[in-house]
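See below for the structure under consideration.
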Amino acid sequence: MTQTATVNYHVHKPKRQAFELDAGGIIGNLIAPELASTKVKVSDARGLVHETSFHKDAVAFAASPTSVAFTQHDTRWQADYDAELTDFLTNELPAQEVVIFDHTIRVDDPDAVREPARNVHSDYSPEGATQRLVDVLGAEKAAEWSGGHYAFINVWRPIEAPINSAPLGFILPSSVSPEDWILLDLIYPDRKGQIMGLAANPDHHWIYMSKMTPDEVAYFNIFDNRGRPSIGHSALDMIEDPNVTTIRKSIESRTLVRFA
């Protein structure tokens, strides 16, 4: 089944572009690059004849029930969820070692602490991933991991209710041209990073999983030092059922995985 959704692509410019967070010292003030609102066709992964797989497509979906009740203001759940994710990635990939270093709860509400990300992107450039490896592990351990095979892999899960609006969509890497990627700076008050945006291309093959439940996850590659492609992704502006009014809530977890 194919749906139509709206996404916000990045736009090629002559000069380097940047997101500036807490710009001017004002908490929550964001200066962002120009975005181009674009309608795209999106295939439902539940109905694809050939199922997506992480090893082939760098993104996959799986049943993964959780016993965790997620809250933003009480983080005592994190240790239990980290253990669940470690077991999941160890079994699915399989991974030799897993480091979970960030959880982001997003709520599709203008007053939320974090809303869904509505720009088509991937979280790190190669240079940004190399720096983030050091940030997370420290220089000595990062050098050890760099001698082997490692990857940044995100795990995304609905929370509280099935997703009815603003689901997370992915572009299959086989449909992306190298020229589509745009290097973007990410400027914080105390540090600087790099991410990758994507420019529009009519060849892009978008997929999502319809009506994902809190017992399902999407896991996808952000950076792999042995060349597995990075996944462009974004919240999709679309609604499954106009009679359902639940707000999209989700948690995205960033992980570092070392392979044998």
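Across the chain, Cα pairs under 8 Å and at least six residues apart give a relative contact order of 33 percent.
Sites listed here are trypsin sites (Lys or Arg not before Pro) in segment 181-235 whose DSSP assignment is loop and whose Cβ has at most 14 other Cβ atoms within 10 Å: 191, 226.
What the phi angles of segment 246-251 give under the Karplus curve with 6.51, -1.76 and 1.60, with θ = phi - 60°, is a coupling list of 5, 7, 5, 10, 8, 10 Hz, glycine and proline written as x.
Rounded, prolate or oblate, given the Cα gyration tensor of segment 1-101, with a/c below 1.5 counting as rounded? Cα axes put segment 1-101 in the oblate bin.
Among the listed values (i) 27; (ii) 22; (iii) 35, the one matching percent of Cα pairs over 31 Å apart as calculated from this structure is (ii). Packing around the peptides 149-161, 195-207, 80-92, 14-26, taken as the average count of other Cβ atoms within 10 Å per residue, puts them in this order, highest first: 149-161, 195-207, 80-92, 14-26. Residue by residue, segment 179-191 carries 3J(HN,Hα) couplings of 6, 6, 6, 10, 6, 10, 7, 10, 10, 9, x, 10, 7 Hz when phi is fed to the Karplus relation 6.51 cos²θ - 1.76 cosθ + 1.60 (θ = phi - 60°); x denotes Gly or Pro. For residue 3, neighbours were defined as the other residues whose beta-carbon sits under 14 Å from its Cβ, and their charges (Lys and Arg +1, Asp and Glu -1) total 0. Among the listed pairs 15/192; 41/192; 56/249; 13/192; 56/192, those with a Cα-Cα distance over 24 Å are 41/192; 56/249; 56/192. Remark: relative contact order (segment 134-259) = 47 percent; criterion is Cα-Cα distance under 8 angstrom and separation of 6 or more residues. Based on Cα contacts under 8 Å between residues 6+ apart, segment 63-149 shows a relative contact order of 13 percent. Using θ = phi - 60° in the Karplus curve 6.51 cos²θ - 1.76 cosθ + 1.60, the 3J(HN,Hα) couplings for segment 135-145 round to 4, 7, 9, x, 4, 5, 5, 4, 5, 5, 5 Hz; x is entered for Gly and Pro. Between the amide H of residue 97 and those of 258, distances stay under 5 Å, these residues lying 5 or more places away or on another chain, with hydrogens modeled in the peptide plane.
Sites listed here are trypsin sites (Lys or Arg not before Pro) in segment 104-178 whose DSSP assignment is loop and whose Cβ has at most 15 other Cβ atoms within 10 Å: 114.
Amide H contacts of residue 64: 216, 217, each under 5 Å away and 5 or more positions distant or on a separate chain (H built 1.01 Å from N in the peptide plane; Pro and chain starts excluded).
Every number in this text was worked out from the coordinates using simple rules, so none of it is lab data. Please read these numbers as outputs of a predicted model, since none were measured by experiment. Counting neighbours? That spans all protein chains shown, and the Cβs are built from the backbone with ideal geometry, glycine included.
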